[in-house]
Each structure stands twice: as C-alpha cells, then as structure tokens.
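Any read-out appearing in this document is the output of simple, stated calculations on the displayed coordinates, not a laboratory observation. This structure is a prediction, so every number in the text was calculated from the model and none was measured. Don't worry about glycine lacking a Cβ; one is built from the backbone with ideal geometry, like all the others, and counts go over all protein chains shown.
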Amino acid sequence: MPASTSVTLNTGAIMPTVGLGTWKSKPGQVEHAVEFALKNGYRHIDTAAGYANETEVGQGLKASGVPRDQVFVTTKLDNPDQRHVPEALEASLSKLDTPYIDLWLMHWPAPMTRDGKADKDYDWLDTWKAMEDVHLAHPEKLKAIGVSNFSVEYLERLLKVARVVPAVNQIELHPSCPQHDVVAYCQSKGIVLTAYSPLGSDNSPLLKNTAVNKIAEKYGVQPANILISLHANKPGHTVLPKSVTNERILNNAKIVDLTDAEIDELHKIDETHHFRACHPAWTGWGGLGFPDCK
Ligand code: A2P
C-alpha cells in the first residue's frame, strides 16, 4: 500500500499524515520552525499547553500567512489542568490566538497538582467527561477530542463509558517502541494513531541503526525519512517529527513507500533495542498500564 498523505478521523475531518512536532522546541526557535514548516508545505502542527510554547506556535501560524482553515492544529490539556477543562481550553485558544482547535488531547491519563505531584483524589475519567461536554457544546471551538499516552487497559476503561470515541491516541511510536498491542486496539476501534518521538527523540540511536541506514541507502534518503515513513506506511497513522532546523524540517516531509519486508525488519529492532524516550512514571502514576512499563 502506498504511504498516506492524510487520514480521516472518526469525525470525518482530514488530518495530514506528517505534522511538525514541537515537544522540546524552545521559545525563540519554535515560532520560526512553525512559520518555516508552513511556508514549505506542512499543514499540520502539534503543540501542548505543557510544552509552554503555544503562544509562539500561534505567532508562527500567523506569520506563515497560511489561512487558518488550511492548517490542522493539535494541542493538549495539561495534567495540572484536569480539574479545569473549560478554562484550559479557553487558555489554549487564547495563547494560540485561534478561534478553534482541530484536535484537543488529554495529554496523559494522569491528573497532577500545580507543584508536579500526582493528584490521586481526581479521576482522569471525569476529565474525559468534561472534555466531551465542551466538545459537544462547542464543536465550533473544539472540532475533535482525543487522548495521548493511553494503553489498552486505559482505553478499555474509557470506552466503557465514553459518549465520544477519541479521534486519536497520540503515543510514543518508533522501531524501539512499536506498541503493537495499542496500535491493533486503536485500529479495531477506528482511533487514529499519532506517533510522537518517531526518531526516538534527541540523540537517538535509531538514526545510527544498521537496518535503518541500510533501508535509507536503498531509497537515497536520510535515516530520519525511513523512521518517519514507517508510520505513513501504516493505515490510520499520522506522525510528528520534531525539528527546529530548517533543512531537517524540509527533509522530514519526504516520505517513501516501504515494502512489507522492510517494515518487518524495522519492527525486529525492538527485540534487542527497546527503549522509551518518555517513560510514563514521571507523572507519579506508575506505568499507566503499558506492559513494558510495569
Ligand atoms: P533539531 O530539532 O535540533 O533539528 P523526535 O521527532 O523523535 O522527537 O526527534 C527530535 C530530535 O531529532 C531532535 O533532537 C531533532 O533535532 C532531531 N532531528 C530532527 N530531524 C532530524 C533529521 N532529519 N536528522 C537528524 N536528526 C533530526
């Protein structure tokens, strides 16, 4: 199957396959990265209240001159805002300086206090119910809702009571963290997967991996292109390579069609080189139901 250029969400909305990631993109860099990406063909930008860069992302959006309705913008509800869903949405709209958000994700199923501790007296399921309420009451402000960092165990709990099936589950996905169980579950429920840290984040060993480099040489592209293309070659997947470097932003938009054998070879990397760039334990809520985090 040729690689996708976009996927359709369960709302009917179109989400471009490759989006610019902005996790760890610092103030002073991210406005330019967003503007440059949009001026060079990107139409999907991912940010989060927790990245503390929504204001600059919004400035980059404006500076690009690309009309708002041609860009898919995702942001995320921060863990300490789980008790304050409507206010958090307004804050993100205001920082991004936009009349609507295309997709709003619960960043982690992990309510936290403002001083960075697990808020054990609060249930993330109530957060989801509040997100459903704002989405159903204000679809013009909030076009779709979804989740991030949800394991199968947590998705099962959510879907038992959900009035709105999440449009997306954004999780760490790369050859050293393929999460086949979550992927298969989401695909069976029509939930689009979005791969964050597709390169393995900063200083990733995946860029030096022999199998990745061999496939990159075959297609005459950089290792990063193979790691990004892996997701574009799977049904119902979008992918968020992060960069603040012009030439990499340009390069990362290049997608190649991979063979099934190449995809299998990339999946084998996890057997000997498993890692997560972002372990869920930082939230104070343990492994969040992920089998490799127990
Ligand atoms: P930078 O932002 O300085 O360009 P991920 O997308 O997995 O989170 O990885 C992001 C990391 O990979 C960042 O350190 C980013 O650096 C770097 N990066 C992004 N694109 C490429 C590329 N094409 N080749 C090598 N490193 C890259």
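If you average the C-alpha positions of segment 235-262 and of segment 167-182 separately, how far apart do those two centres end up, in angstrom? Here the answer is 15 Å between Cα centres. For the pair Lys24 and Trp282, the difference between a 0.36 nm per residue extended length and the Cα-Cα distance amounts to 91.3 nm.
Three semi-axes describe the equivalent ellipsoid of segment 161-294; taken as square roots of 5 times the Cα gyration tensor eigenvalues and ordered largest first, they are 25, 17, 15 Å.
Under 5 Å from the amide H of Met106 lie the amide H atoms of Leu77, Gly146, Val147, Ser148, each residue being 5 or more positions distant or on a separate chain, with H modelled from the backbone and absent for Pro and chain starts.
Note on Glu217 and Ser94: their simple-model spin labels are 5.6 nm apart, each label 7 Å out from Cα toward Cβ. Each Lys and Arg contributes +1 and each Asp and Glu -1, all at the Cβ; summed about the Cα centre of the chain, the dipole is approximately 260 debye. Calculated [222 nm] ellipticity per residue, helices only, for the chain: -11000 deg cm²/dmol; basis is -39500 (n - 2.57) per DSSP H run with n ≥ 4, divided by all residues, nearest 500. When you restrict to C-alpha pairs under 8 Å that are six or more residues apart and normalise by the size of segment 1-146, the relative contact order lands at 19 percent. Considering only Cα atoms, the convex hull volume of the chain works out to 121 Å³ per residue. Amide H contacts of Leu20 (H built 1.01 Å from N, in plane; Pro and chain starts excluded): His44, Ile45, Asp46 sit under 5 Å, all sequence-distant by 5 or more or on other chains. Here the 3J(HN,Hα) profile of segment 230-247, calculated from phi with Karplus coefficients 6.51, -1.76 and 1.60 at θ = phi - 60°, is 3, 6, 5, 8, 10, x, x, 10, 10, 8, 10, x, 9, 7, 10, 10, 3, 5 Hz, Gly and Pro shown as x.
Give the cross-link partners of Lys160 among the aspartates and glutamates, using a straight C-alpha distance below 19 Å as the criterion and excluding same-chain residues fewer than 8 apart. Of all the aspartates and glutamates, those that pass the test against Lys160 - Cα under 19 Å, at least 8 places apart if same chain - are Asp123, Asp126, Glu132, Asp133, Asp181.
Within the same chain, lysines fewer than 8 places from Lys62 are excluded, and of the rest, those with a Cα less than 27 Å from its Cα are Lys24, Lys26, Lys39, Lys76, Lys95, Lys141, Lys143, Lys242, Lys254.
On the beta carbon distance between Thr113 and Asp202, with R0 = 25 Å, the FRET formula returns roughly 0.35.
Grab the beta carbon distance between Ala13 and Asp133, set R0 = 30 Å, and tell me the FRET efficiency rounded to 0.05.
After rounding, the FRET efficiency stands at 0.90.
Just the C-alpha atoms of segment 138-215: what Rg/Rh do they give, with Rh taken as the Kirkwood radius? Result for segment 138-215 is an Rg/Rh of 1.09.
The calculated FRET efficiency for Leu250 paired with Gln70, based on their beta-carbon distance and R0 = 22 Å, is about 0.70. Over all projection directions, the Cα-based convex hull of segment 76-159 averages an area of 5.4 nm². What residue among Ser92, Ser204, Ser25 has the largest mean-square fluctuation in a Gaussian network model of the chain, using Cα springs under 10 Å? Largest GNM mean-square fluctuation: Ser204. For the pair Lys160 and Cys293 in one chain, pulling the backbone fully straight at 0.36 nm per residue adds 45.5 nm over the alpha carbon distance.
Simple point charges give the picture: +1 on the Cβ of Lys and Arg, -1 on the Cβ of Asp and Glu, and for segment 149-294 a dipole about the Cα centre of about 420 debye. Given their separation in residues at 0.36 nm each and the Cα-Cα distance between them, Asp126 and Glu271 gain 48.5 nm when the chain is fully extended. In plain terms, if you count all Cα to Cα distances in segment 1-67 and split them into 10 Å steps from zero, the share in each step is 21, 46, 28, 5 percent. In order along segment 64-74, the phi-based Karplus estimate (6.51 cos²θ - 1.76 cosθ + 1.60, θ = phi - 60°) of 3J(HN,Hα) comes to 5, x, 6, x, 3, 6, 9, 10, 9, 10, 10 Hz; Gly and Pro are listed as x.
In terms of overall dimensions, the C-alpha atoms belonging to segment 2-147 reach 46, 35, 30 Å along their principal axes, ordered largest to smallest.
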